[in-house]
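Notes follow the structure.
Just so it is clear, none of the values below were taken in a lab; they were calculated from the coordinates. Fair warning: this is a prediction, and the values are worked out from it, not measured in the lab. No Cβ is skipped: glycine too gets one built from the backbone with ideal geometry, and neighbour counts run over all protein chains shown.
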């Protein structure tokens, strides 16, 4: 028996009731195709009737678990709310000690896996999202994230840090936080710093998009499965996990099942940035953002650069010039520090940065980015400081300082885990 978790809110036409937005309703369905529902009431985030095993429709969870991410409105692309984050964290904690839960399948509804967190929740969102990211990264159970669509921001954190990341031809990955006056967090300083060469610096700084084949090639995805085969894959995972013992349903067992439906050597688009790895390593290995930009601009002026190369270089420089200068400085330092840190250290540091960024300390670029990109949508943010040269090392240091008192991120204790879980992407 499988369990399907829906964390969903009322549809758009029902959103406004007496001028207020109703709290989300959480539903649990049992059985792979069952339509039976157990309502836990408006705003409930504790579906458990026992300390670890959730009861659903009178039965205990057995064999495997399927979790659906479903946001409040289709246009919000499954953006994560505080309740969804709390609910998912509770479930991951419960399944860790549940011998009957052999497999976790995480997927989104509609055309997105998850486009990130709902930024209106501010620092509280960061705390809950980074905690869930840690639970995903350190989960001892096989976890399969099906990335059939948009996966950005927080959606990246709760999937790429997991064991199996299944991309499709519909996958669309990006970490565009620098263009909002934020910076890539959710463990990105951990997994980006472990990509080939300096490709992680390239992705983090520019916010470049990747398709499914590119995600597989660089290691962000572990498998590439045609979307037409996803239903067959899911059925195979569930049925075989149900018949396997807990000891035999390990990583190799799950990987072999996914391999049966996967494309082994998909061709990369001729315009893929992965064809530019020599230039990426040459430029993005530089110690500062200023040096990276200078190296890219120098590449543009070389006589042997072809037209396609010129176009990619110019686009890369434009992306860097459009982003918040402060965000770029923070992003590069964060990734570089992540190269020698464990996932927990990365998440704690990222939360230290999140707090002053969202509070508008030193720079108010986050508020300005939200205004220009999300609210007014004029796409003309006025960054302050307005250039890289105006940012001192002391200003950047402020974002990496320890928080006062009890403000530090407190992650759950995890036992019997590797120092570097998921170190090999």
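Give me the extension gain from residue 277 to residue 384: residue separation times 0.36 nm, minus the current Cα-Cα distance, reported in nm with one decimal.
The residue 277-residue 384 span can extend by a further 35.3 nm.
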Could you rank the peptides 224-235, 374-385 by their average count of other C-beta atoms within 10 Å per residue, with the highest value first?
224-235, 374-385
Order by protection proxy (mean Cβ within 10 Å, highest first), peptides 105-111, 256-262:
105-111, 256-262
Is the stretch 116-185 best put as rounded, prolate or oblate by its Cα gyration tensor, with a ≥ b ≥ c the root eigenvalues, rounded for a/c under 1.5, and otherwise prolate when a/b is larger than b/c, oblate when not?
oblate
Per-residue counts of other Cβ atoms within 10 Å, averaged by peptide: what ranking do you get for 135-144, 362-371, highest first?
135-144, 362-371
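Quick one: grab the alpha carbon gyration tensor of the stretch 247-378, order the square roots of its eigenvalues as a ≥ b ≥ c, and give me rounded if a/c is under 1.5, else prolate or oblate depending on whether a/b is larger than b/c. Please report the intermediate quantities before stating the final value.
Values: a/c = 1.84, a/b = 1.13, b/c = 1.64.
Oblate, because a/c is 1.5 or more while a/b does not exceed b/c.
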